[in-house]
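Laboratory data are not the source of any read-out in this text; all were calculated from the coordinates shown. Quick caveat, the model's predicted, so the values are computed rather than measured. Here the Cβ positions follow ideal geometry from the backbone for every residue, glycine too, while neighbour counts run over all protein chains shown.
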Amino acid sequence: MVTPNIVVDYLLAPLEFGFMQRGLLASVLVATICGILGSFVVLKRLAFIGDALAHASFGGVALAFVLGANIYLGAFVFALATALGIGAISQRGRVSSDTAIGVLFSGTFALGILIISRVESYTTDLFGYLFGDVLSITESDLWTIAALGLVVLALVGAFYRQLLFVAFDPTVAAATGIPARALEYLLLALLGATIVTAIQAVGIVMVVALLVTPAATAYLFTSRFHHMILASVVVGAFSALLGIYLSYYLDLASGAAIILVATALFFVTLALTGRKLSARRVAS
Amino acid sequence: MNKALEIKNLSVAYNGRPALEGITFSVPKGAMLGVVGPNGGGKSTLLKAMLGLVRPQTGTVEILGRWVDRRVRKLVGYVPQREDVDWNFPVSAFDVAMMGRVPSMRPFRRPTARDRELVWEALKTAGMERLADTPIGGLSGGQQQRVFLARALAQEAQVLLLDEPVSGVDAPSQHEIFDLLHRLQGEGKTVVVTTHDLSCVAERFDLALLLNRRVISLGKPEEVFSPELLNEAYQSHLMVLEIGGRTVAVEDGNPKHRG
């Protein structure tokens, strides 16, 4: 028999360790930010560009590591430069934006690999950024994540109505005098910042899953945007918590455990809401 | 200033191919103008150029006697073609109408009581208040158009530009939409509609613009829809028949959704 006391013990026991407290706090923070931005990513079909920005940030991580600079700053600068670069190249009209994305992110990712191949002693640490190592997050990492998260939250909060209008109907938003182009760039910059907060929690290779999967799950059972955001945050935070506990008790890689919990929730929701989804398709 | 729209020598090209050439016309305040012409004749482009959504090569646009700046844009309500919208987006009819208030909202601000009042009033005018909570994707084509009109009304637009509002909409809903536009005209709004429906323009609009890259004719529908002018606009793609003293126009092989 499992009594409530034993459940509480199971939940509290890992919290005796500072690294578990930090890891849980960091992953819930990251899942919250990703849940908000992820809702835009799913609806605006930005998954590929999100994945690209995550990979591109690795060049910045490696470079900052070698130079002894702040790794989050390096990652953010590379993600932002890549986002702007994609916009600049594809606006010339000679190559499509997904081609520009493909060229730029593999190039910057390769730069990161090249750098770490030259500094072998650091490679184990850097692999933590590739595949995620939320339990090695330090207090100063936590502060950086919290600060970036606050900036993202404040900006989304400030321009929520404008961002929603532009996401739903960019043409009419522009026609009514809303700076649609600037808001689209703002969204990309926020996406870059969000990705940077998440790379240590789940790893560069899996960041896009934390952006897309909880938001996609939320999309299946909500019909208003703010409900979708809220549900996406809850699903993401729950995946993060459960994933970390599983990784603690079963000795699993934490990033992978979080993502697999989120993936499982998506498929369960998909099965449960199958009818509603097809009904919505028919209606449109 | 009694002109709602004044367009002078407007020319637009896509990739070097001219879409509009030397368009010059004006529309008085409170008029209801139907823009008709063959597919690819530049009807949608004309609306987009007036809104500054495509950059003209030459020419000027004045709306309500002023250049199209941000303050003027707030007074222009635009209803785009159906294909331009993601109908699976999770927003209710109310949410869409509330978007009409966004151009007047400052960052960080939540909708005020007045914003809500304007949105409800707009939904009521459009006959959509009882479906306010319905997801936009769950509405019929005609209802979706009325929600988009409600958004333009919530915006307090004085000039309404509608791009093919009745294409893909069933006949009773088409009538409801045109009735609604008539009422709005009665309230002093200026209404510009692009459409394929010549007979509807003939019956219900006070002005018609016949467009095929150039302005073929602008005036009262009965003057504009003469066999000679229609043939000039549509060339061989429209058959104009006289049946029992009534002029009937038949467009050949038209996929209705292109403009």
- Under 5 Å from the placed amide H of residue B:4, counting only residues 5+ away or on other chains, we find B:27, B:29
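Working from the alpha-carbon coordinates of segment A:17-277, get Rg over Rh, Rh being the Kirkwood radius.
Numbers: Rg = 18.0 Å, Rh = 18.5 Å.
Looking at segment A:17-277, the ratio lands at 0.97.
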- Can you tell me the 0 to 90 degree angle between the C-alpha axis of helix B:113-125 and the longest principal axis of chain B, rounded to 10? 40
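Based only on Cα atoms, what Rg/Rh ratio does the protein assembly as shown have, Rh being taken as Kirkwood's radius?
Details: Rg = 27.7 Å, Rh = 26.0 Å.
Value, to two decimals: 1.07.
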- Message: With θ taken as phi - 60° and the coefficients 6.51, -1.76 and 1.60, list the Karplus ³J(HN,Hα) couplings across segment A:168-180 in order, rounded to whole Hz; mark glycine and proline as x.
- Response: 6, 8, x, 5, 5, 4, 5, 4, 8, x, 7, x, 4
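Summing -39500 (n - 2.57) over the DSSP H runs of n ≥ 4 in chain B and dividing by its residue number, what mean residue ellipticity at 222 nm do you reach, to the nearest 500 deg cm²/dmol? Mind dumping the intermediate values first?
Working: 9 runs with 81 residues, N = 259.
Dividing the helical sum by the residues of chain B leaves -9000 deg cm²/dmol.
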- Message: Quick check on segment B:76-209: what does the Kirkwood estimate of hydrodynamic radius come out to from the alpha carbon pairs, in Å?
- Response: 15.1
- Note on the structure: For residue B:162, the residues 5 or more places away or on another chain with a placed amide H closer than 5 Å to its own amide H are B:79, B:192, B:193, B:194
- Query: Based solely on its DSSP helices, what 222 nm [θ] is calculated for chain A when runs of n ≥ 4 H residues each add -39,500 (n - 2.57) and the sum is averaged over all residues, nearest 500 deg cm²/dmol?
  - Reply: -28000 deg cm²/dmol
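Among DSSP beta bridges whose residues both lie in segment B:3-251, state the antiparallel percentage, nearest 5.
That works out to approximately 60 percent antiparallel.
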- Task: Convert each backbone phi in segment A:261-272 into a coupling constant with the Karplus relation 6.51 cos²θ - 1.76 cosθ + 1.60 (shift: θ = phi - 60°), then list the ³J(HN,Hα) values in order as whole Hz, x for Gly and Pro.
- Result: 4, 4, 5, 4, 4, 4, 6, 4, 5, 4, 5, 6
- Message: Explain nothing, just compute: Karplus ³J(HN,Hα) = 6.51 cos²θ - 1.76 cosθ + 1.60, θ = phi - 60°, for every residue of segment A:235-251 in order, whole Hz, x for Gly and Pro.
- Response: 4, x, 5, 5, 4, 5, 4, 4, x, 6, 4, 4, 5, 5, 7, 9, 6
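When Cβ neighbours within 10 Å are restricted to other protein chains, what is their mean count per residue of peptide B:98-110? It would help to have the intermediate numbers written out before the result.
Working: counts 3, 11, 3, 2, 12, 8, 2, 4, 3, 7, 6, 2, 2.
Per residue, the number of nearby Cβ atoms from other chains is 5 on average.
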- By count of other Cβ within 10 Å, fewest leading, how are A:194, A:269 ordered? A:269, A:194
- For residue B:19, the residues 5 or more places away or on another chain with a placed amide H closer than 5 Å to its own amide H are B:12, B:13, B:14
- Note on the structure: Expressed as a whole number, the average count of other chain Cβ atoms within 10 Å around the Cβ atoms of B:133-141 is 3
- According to the Cα gyration tensor, what semi-axes, each the square root of 5 times an eigenvalue, does the equivalent ellipsoid of segment A:124-200 have, listed from largest to smallest in whole Å? 33, 13, 7
